[in-house]
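Quick notes on the structure that follows.
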Amino acid sequence: MTEIDRILDQLERSRRGEAWHGPSLEEALANIDAATAAARPISNAHTIWELALHMASWQDVVRRRLAGEEVVPTPTLDWPEADEASEAAWASAPRGAPHESPAPGAGRRGPVAGVAP
């Protein structure tokens, strides 16, 4: 397994389970409903929903960069907004990864600095 493949595996584990740090994102959010996810109990703090979308966006940026794509994050990519605060929207909201991980070695166009291919 290459270092890039190991990183991709760890990203996936942090999302779905068997993460080195404890509960995965999906496990931590399993019993959170839309109202709780959209609640802002601390003014000017991010909601659970906003944090979940932010994490999903950045996991996707990491995956794309590891595949060799040059990704320049925009403010919208950094902190995506939820369209609506409904149960259906929350159920379909990304939980750490809006796209599936690329297959090991797939799509790489060049080396990642400091990482052997």
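The values are calculated or read from the model by the stated rules, or taken from the named source; none is laboratory data. From a predicted model like this one, the values you see are computed outputs, not experimental measurements. Every residue, glycine among them, receives a Cβ derived from its backbone with ideal geometry; neighbour counts consider all protein chains shown.
For Ala35, work out the one condition from (1) free of Cβ contacts under 8 Å to residues at least 40 places away in the same chain; (2) loosely packed, with under 14 Cβ neighbours inside 10 Å it doesn't fulfil.
Among (1) free of Cβ contacts under 8 Å to residues at least 40 places away in the same chain; (2) loosely packed, with under 14 Cβ neighbours inside 10 Å, the lone unmet condition for Ala35 is (1).
Which condition does Asn44 not pass, out of (1) modelled with pLDDT of 90 or more; (2) at negative phi; (3) surrounded by fewer than 16 Cβ atoms within 10 Å (Cβ to Cβ), if it passes all the others?
Looking at each condition in turn, Asn44 falls short on (2).
Which condition number in (1) exposed (fewer than 11 other Cβ atoms within 10 Å of the Cβ); (2) of a type in the set (A, V, I, L, M); (3) assigned to a loop (DSSP other than H, G, I, E, B); (4) at pLDDT below 90 is the one that Ala97 fails?
Among (1) exposed (fewer than 11 other Cβ atoms within 10 Å of the Cβ); (2) of a type in the set (A, V, I, L, M); (3) assigned to a loop (DSSP other than H, G, I, E, B); (4) at pLDDT below 90, the lone unmet condition for Ala97 is (1).
Enumerate the pairs (first residue in region 78-95 and under 14 Å from His46 (Cα atoms); second residue anywhere and of a type in the set (Asp, Glu)) with beta-carbon separation below 7 Å, excluding pairs fewer than 6 apart on the same chain, so at least 6 apart or on different chains.
Sorted first by the residue in region 78-95, then by its partner, the pairs are Trp79/Glu50.
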